[in-house]
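Student: Structure in structure tokens, see below.
We did not get these values from a lab; they are worked out from the coordinates using the rules stated. No experiment lies behind these values; they were computed from the predicted model shown. When we count neighbours, we look across all protein chains shown, and the Cβ atoms used for this are built from the backbone with ideal geometry, even at glycine.
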Amino acid sequence: MKYFGNLMMVSALGVLCVFGAGDPQKRVRVSGEVLNEILDAKDKGIPDDLLGKAECVGVIPSLKRAGFIVGAKYGKGVVVCRTDSGWSAPSTVIVEGGSVGFQIGAGETDLVFIVMNHRGMDHLMADKFTIGGDASVMAGPVGRTGEAQTDAMMNAEILSHSRSRGVFAGVSLEGATLRPDHKDNREMYGRDVTQREILTGAAPRPAGADALYADLDRFPKRSASR
């Protein structure tokens, strides 16, 4: 049984690494497509009021039509944060370890997380942090309104969601680590650039990110209750 589990993990990581390689600007475009599909999910998406209060939004598109057990062991995506002049350029990031539940079989698994306050944003600016360790995380509510919010949820620094085979739900990213993908950021911006530089607005928006911002700009900043 232990051998089987190790074999499944190695197979999953191998396929994920192949999927994760490639053009970082393509990753930005795919992330925009995933966010658009989720936001257009009518009453099944992320509550609008939470997106209006979000300080940062991350999208981790995962494998499509790859039959294996997903434990969020490895995934690549992008994250953007609010600045005084709107949303920042995207930083490419890597998520490793942790768990997003037990999802089996063919289809697709996409992760979306929203950083709800400045404490969470500060963690995101670090070179590496543990979700649920350094920053508190909860499974986010689903639906067009935030009626399912609880006091604990409103105090969480990060709310996370998962979409697998068309099913969208709140899911915990407890124990996962997130770090900037310095190699892909260097390729996209043509120089070494820190996570903080990108997410505070010091880097220009890359080509191909229009779809991502078209969706995010639908949610102007609202005042938070914390």
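Student: What is the extension gain from V167 to H118, computed as 0.36 nm multiplied by their sequence separation minus the C-alpha to C-alpha distance, in nm to one decimal?
Tutor: Extra length available between V167 and H118 comes to 14.6 nm.
Student: Show me the ranking of peptides 183-189, 112-118 by mean Cβ neighbours inside 10 Å, starting with the highest.
Tutor: Per-residue mean Cβ counts within 10 Å order the peptides as 112-118, 183-189.
Student: Something else: Just rank M138, M125, fewest to most, by other beta-carbon atoms within 10 angstrom.
Tutor: Fewest-to-most ranking of M138, M125: M125, M138.
Student: How high is the FRET efficiency between E96 and N36 when r is their beta carbon distance and R₀ equals 45 Å, given to the nearest 0.05? Display every interim value, and only then the final one.
Tutor: Working: r = 26 Å, r/R0 = 0.58.
E between E96 and N36, to the nearest 0.05, is 0.95.
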